[in-house]
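Participant: The following block contains the structure, expressed as structure tokens.
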There are 2 protein chains.
Amino acid sequence: MAVTIDDERLDAMFAALADRTRRDIVARLSEREATVGELAAPYAMTLQAVSQHIGVLERCGLVSRSRHRQTRPCRLEPQALEAAVSWIEESRRAWAERMDRLEARLARLQDGQQR
Amino acid sequence: MAVTIDDERLDAMFAALADRTRRDIVARLSEREATVGELAAPYAMTLQAVSQHIGVLERCGLVSRSRHRQTRPCRLEPQALEAAVSWIEESRRAWAERMDRLEARLARLQDGQQR
DNA sequence: CTCTTGATAAAGCATCTGCTTGAGTAATCC
DNA sequence: GGATTACTCAAGCAGATGCTTTATCAAGAG
């Protein structure tokens, strides 16, 4: 049986990924760890705003922040992405199954006994 | 090369999937087509609200509405889910690659020449 | 101890979102 | 034609979101 995924967690995950700055941060963290300051550098917004974005990613489990001297290194927690992917894949699987059934019925109709 | 996915489309897709009523509608449409009224029936909200939810799913390409007599049958457009899945998978792939490189380096260090 | 660096916390604000109610429309029924 | 069904359109509102500015804090550097 497929894993049942918590609705509230999915709300938070998809909402987090609905912002392109946050998606960009996730993509960059999938390449290497980075501090809040390093993550903030490329964007035309304050460090505070980026820190808030990281907070959103942290609350939904996608990113974790630790401490090293004055900095807060962030790293991706990729198993959290699992929840989103499996929800989507489940919907696609159901849809593909339905299409298969429809095709099978159509094939039986065309195949000979069309009284 | 991996397919490059449009940022605005991803914004809309993830935002659409961040609402559980809309995710539920997608899940139900992955089982069978349904009219706006049929989709609205189970929820404790007005038909108008559900029609608006379907509008959101329609604008991001996940669902399409047609006409049949007075009703508006809705159906899922599953290839749109592709965009979301491939973005997520790309991040995960990069992360897995990085972990492999780290493990390989660690193995080389442990393996003999640790001068 | 003071100054700087790298960050978080809190408050304020414009905009967006999810929902409502009320009105309008197209197709069907009588 | 008028009433009914299945919806859409539009306005309004409370609460969430993305950003800002100001203030605060914790860890070195001098």
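Participant: Out of the residues in region B:20-29 that are open to solvent by less than 40 Å² (accessible area, probe 1.4 Å) and within 13 Å of DNA strand C (Cβ to nearest atom), which is nearest to A:Glu90 (Cα to Cα)?
Facilitator: By that ranking, first place goes to B:Arg23.
Participant: Hand me the list of helices (runs of 4 or more DSSP H) wholly inside region B:11-73 holding 2 or more residues that are closer than 17 Å to A:Leu10 by Cα and among the aliphatic types (A, V, I, L, M).
Facilitator: B:20-31
Participant: So if I check each of B:Ala44, B:Ala16, B:Ala12, which one is small (Gly, Ala, Ser) and without any contact (Cβ under 8 Å) to a residue 12 or more places away in the chain?
Facilitator: After ruling out the rest, the residue left standing is B:Ala44.
The rows are residues; the columns are (1) open to solvent by 50 Å² or more (accessible area, probe 1.4 Å); (2) modelled with pLDDT of 90 or more; (3) more than 10 Å from DNA strand C (Cβ to nearest atom).
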| position | (1), (2), (3) |
| --- | --- |
| A:Ala15 | no, yes, no |
| A:Ala18 | no, yes, no |
| A:Gly55 | no, yes, no |
| A:Glu58 | yes, yes, no |
| A:Glu77 | no, yes, yes |
| A:Gln110 | yes, no, yes |
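Participant: Going through region A:66-82 one residue at a time, which ones are in contact (Cβ under 8 Å) with a residue 12 or more places away in the chain and more than 14 Å from DNA strand D (Cβ to nearest atom)?
Facilitator: Across region A:66-82, the qualifying residues are A:Cys74, A:Arg75, A:Leu76, A:Glu77, A:Pro78, A:Ala80, A:Leu81.
Participant: Let me ask something else about it. Starting from residues that are of a type outside the set (A, V, I, L, M) and open to solvent by less than 70 Å² (accessible area, probe 1.4 Å), keep the ones in region A:30-53 and report whichever is farthest from DNA strand C (Cβ to nearest atom).
Facilitator: A:Ser30
Participant: Identify all residues within region B:60-75 that are away from DNA strand C (no atom under 16 Å from the Cβ) and open to solvent by 70 Å² or more (accessible area, probe 1.4 Å); write none if there are none.
Facilitator: The answer is B:Arg75, and nothing else.
Participant: B:Val85 fails exactly one of the following numbered conditions: (1) open to solvent by less than 30 Å² (accessible area, probe 1.4 Å); (2) in contact (Cβ under 8 Å) with a residue 24 or more places away in the chain; (3) at the interface with chain A (Cβ under 9 Å from one of its Cβ atoms). What is the number of that condition?
Facilitator: (2)
Participant: Another question about this same structure. Does region A:105-115 include one or more residues that are in contact (Cβ under 8 Å) with a residue 24 or more places away in the chain and either assigned to a helix (DSSP H, G or I) or in contact with a His (Cβ under 8 Å, 6 or more places away or on another chain) (or both)?
Facilitator: Checked against the condition, which is being in contact (Cβ under 8 Å) with a residue 24 or more places away in the chain and either assigned to a helix (DSSP H, G or I) or in contact with a His (Cβ under 8 Å, 6 or more places away or on another chain) (or both), region A:105-115 yields no hits at all.
The values are calculated or read from the model by the stated rules, or taken from the named source; none is laboratory data. Treat the numbers as computed from the prediction; the structure is a model and nothing was measured. Note: ideal-geometry Cβ built from the backbone for every residue, glycine included; neighbour counts use all protein chains shown. Quick note on the areas: whole protein, heavy atoms, side chains included, nothing else; ligands and nucleic acids left out. Shrake-Rupley method; radii C 1.70, N 1.55, O 1.52, S 1.80 Å.
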